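Have a look at the structure below, then the notes.
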Amino acid sequence: MGDKLHLAMGVMGNATSLLLYTVPILTFARVIKKKSTEEFSCVPYIISLFNCLLYTWYGLPVVSNRWENFTVVSTNGIGILLEFSYIAIYFWYAPAKNKKKAAMILTPGIVVICITIVISAFVFHDHRHRKIFTGSVGLLVAAAMYGSPLVVMKQVIATKSVEFMPFYLSLFSFLASSFWLAYGLVSHELFLAAPNLLGSPLGFLQLVIYFKYRKWGVVGEPEKVDLEKDGEKSKQLQPVINDSTGGKS
């Protein structure tokens, strides 16, 4: 029963994580179409890349015992490819100032991950100590990953618009965190369960904020579209209005 539950939670965690990693495709399709990153931040994608790199390493037989965490490797391996693609698109279309800020986060992070891999592989000589070391670093990165949407939530509350906090990103973040929390508890993997103790409540909080402010975002968008469509009509009516005003004065 325990093995079946462990497998079920792993499969569900895999499925929801893959959906979580693919949701930003819509966001970056918009970036490519508009050739602008607008107000989107690259920080969540950079931190997600760090998280995927560390947990892929954590799940490999070098750190874990054989392939006991194969589901962790498969999910995060795909996550690496997708997150790297998003970051590359961001760097292509972002202004120079934003590129510099993103690079200042990306470069030191990659260096830290490389150091973590080298130390865990060559300094520690058993799976237990390798898991403790890699898992501890991964725990910090995962906490940062789940905490990064707080910046977006602050923006939503300030602007009363959910335009830059996609619903499905929040939904699958909550579901993936919940399933990986269950997976970590069932398999007694502290370093898989612990970060999701933070991620699951934060994912739920994102959903609460989304449903609180979603009407503002929905109302604002049609008005913007209508103004764009009626732009030419407004230009044509302007001389008439000006003439009428001049006649009255």
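Above 17 angstrom, tally the Cα pairs of the stretch 78-158 and express them as a % of all pairs, no decimals.
On the way: 2073 of 3240 pairs.
Cα-Cα pairs in the stretch 78-158 separated by more than 17 Å: 64 percent.
Where does the stretch 1-53 land on Rg/Rh, using Cα atoms and the Kirkwood Rh? Display every interim value, and only then the final one.
Numbers: Rg = 15.8 Å, Rh = 13.3 Å.
Using Cα coordinates only, the ratio equals 1.18.
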(message) Is there a quick way to get the dipole size of the stretch 1-151? I mean about its Cα centre, with the Cβ of Lys and Arg at +1 and of Asp and Glu at -1; what is the value in debye to the nearest 20?
(response) 440
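Since every read-out is calculated from the coordinates, none of them should be taken as a lab result. Model, not experiment: these values are computed from the prediction. Ideal geometry is used to build each Cβ from the backbone, glycine not excepted, and the neighbour counts take in all protein chains shown.
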